[in-house]
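The values are calculated or read from the model by the stated rules, or taken from the named source; none is laboratory data. All figures in this text were calculated on a predicted structure; none of them were measured in a lab. Here the Cβ positions follow ideal geometry from the backbone for every residue, glycine too, while neighbour counts run over all protein chains shown.
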Amino acid sequence: MKFLSTMHSHCTYCDGKNTPAEMAEAAYKLGFVSFGFSSHSHLPYKAGYEMKMEKEKLYREEIQALKEQYNGKMEILLGLELDADSLYPDFKYDFLISSVHQLHTCDNWYAIDDCKEKFDKCIDAFGGIENLLKEFYSATVTAALRDNIDIVGHIDLVGKFNENNDYFNPNDEWYLKLVFTAIDTILEKRPDIVFEVNTGAISRGYRTTPYPDLPILKYLGEKVAKIMLNSDTHATDTLDFAYDIALEHCKKAGIKKLYRLRTKGFEEIEI
Ligand SMILES: [Zn+2]
Ligand SMILES: [Zn+2]
């Protein structure tokens with residue numbers, strides 16, 4: 001099967017390379033049934049990738065115009081990727097992704113996924129990798145349980161620079177317990193929330209496997225959590241990047257069905 005959809009994409013309204021029109025056209029050419037725009041929402045501090053607050057209205061209008069342009073050809077959905085510290089939007093988006101890219105101490109903000117140097121600084125600021133991981137998953141739970149969150153973004157983004165286990169062993173019992181507890185807490189309150197298998201770090205050359213790591217994906221499968229594929233694309237040439245790898249990853253984890261967001265809601269697809 002082909003998944004032919006992503007709800008996680010970035011365009012020139014935040015840190016993507018292509019305009020919304022270029023992204024939509026490329027998705028249509030690939031035969032996508034649905035395409036979601038999820039620009040990084042604005043933040044109360046400058047991170048560099050966020051959408052400017054004054055651009056948000058224009059963003060909504062431009063995506064709305066594309067919805068009309070592609071009406072009957074491809075479903076376009078208007079969303080946002082909210083950071084842990086994003087101001088909650090006062091507009092009803094078609095969908096919201098909750099992600100944690102930054103953590104803060106009382107006097108500073110630290111990037112989780114920008115580069116190794118900044119990640120190292122973040123570890124120092126939180127007093128070691130174990131403390132940082134605890135903080136990250138705690139923030140992930142709080143952020144995911146905000147009102148009307150549809151999708152939990154890259155739940156183990158904190159492993160972006162850890163593919164060679166340079167920082168921690170992602171198979172260690174203490175680490176998995178931390179992640180599983182976070183998943184349990186989210187699912188207890190929001191059993192319908194959707195977790196993504198995200199190939200963004202593969203397309204950008206940071207990892208060879210999608211988020212989340214296999215033991216985490218297996219656990220989500222055991223918990224019968226809803227799972228979708230997202231490319232977290234930032235350009236027209238990565239709209240369904242590594243979806244073949246993502247599907248294999250899902251099968252290895254014992255996942256038998258995925259959820260794809262359409263205008264009318266999530267639909268189930270057998271894999
Ligand atoms: Zn993200
Ligand atoms: Zn993203």
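How do the strands (runs of 3 or more DSSP E) wholly within region 85-124 filter down when requiring 3 or more residues that are in contact with a Phe, Trp or Tyr (Cβ under 9 Å, 6 or more places away or on another chain) and within 16 Å of ligand 1 (Cβ to nearest atom): which remain?
Because the criterion is at least 3 residues that are in contact with a Phe, Trp or Tyr (Cβ under 9 Å, 6 or more places away or on another chain) and within 16 Å of ligand 1 (Cβ to nearest atom), the strands (runs of 3 or more DSSP E) in region 85-124 that meet it are 109-111.
Here's the yes/no breakdown for (1) crowded, with 18+ Cβ neighbours inside 10 Å; (2) in contact with a Lys or Arg (Cβ under 7 Å, 6 or more places away or on another chain):
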site: ARG190; (1), (2): no, no
site: ALA225; (1), (2): yes, no
site: ARG262; (1), (2): no, no
site: GLU267; (1), (2): no, yes
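Cβ separations smaller than 7 Å between residues 6+ apart or across chains give the following pairs from region 85-98 residues that are at pLDDT 95 or above to residues that are more than 16 Å from ligand 1 (Cβ to nearest atom): PHE91/ARG60; TYR93/LEU78; ASP94/LEU77; ASP94/LEU78; PHE95/LEU77; PHE95/LEU261; LEU96/ASN148. Cβ-Cβ distances below 9 Å connect the following pairs, each with a first residue in region 147-172 that is over 19 Å from LYS218 (Cα atoms), a second residue that is among the basic types (Lys, Arg) and outside any loop (DSSP other than H, G, I, E, B), and a separation of six or more residues or different chains: PHE161/LYS116; ASP166/LYS116. Mind listing just one residue for me: the one in region 73-84 that is within 18 Å of the chain's Cα centre (by Cα) and part of a loop (DSSP other than H, G, I, E, B) and, of those, nearest to ligand 1 (Cβ to nearest atom)? Step by step, filter region 73-84, then rank; the result is ASP83. Among the residues of region 197-226, those that are more than 14 Å from ASP156 (Cβ to Cβ) and without any contact (Cβ under 8 Å) to a residue 40 or more places away in the chain comprise SER203, ARG204, GLY205, GLY221, GLU222, VAL224. Among the numbered conditions (1) in contact (Cβ under 8 Å) with a residue 12 or more places away in the chain; (2) surrounded by 15 or more Cβ atoms within 10 Å (Cβ to Cβ); (3) over 24 Å from MET228 (Cα atoms); (4) not acidic (Asp, Glu), the only one that THR12 does not meet is (1).
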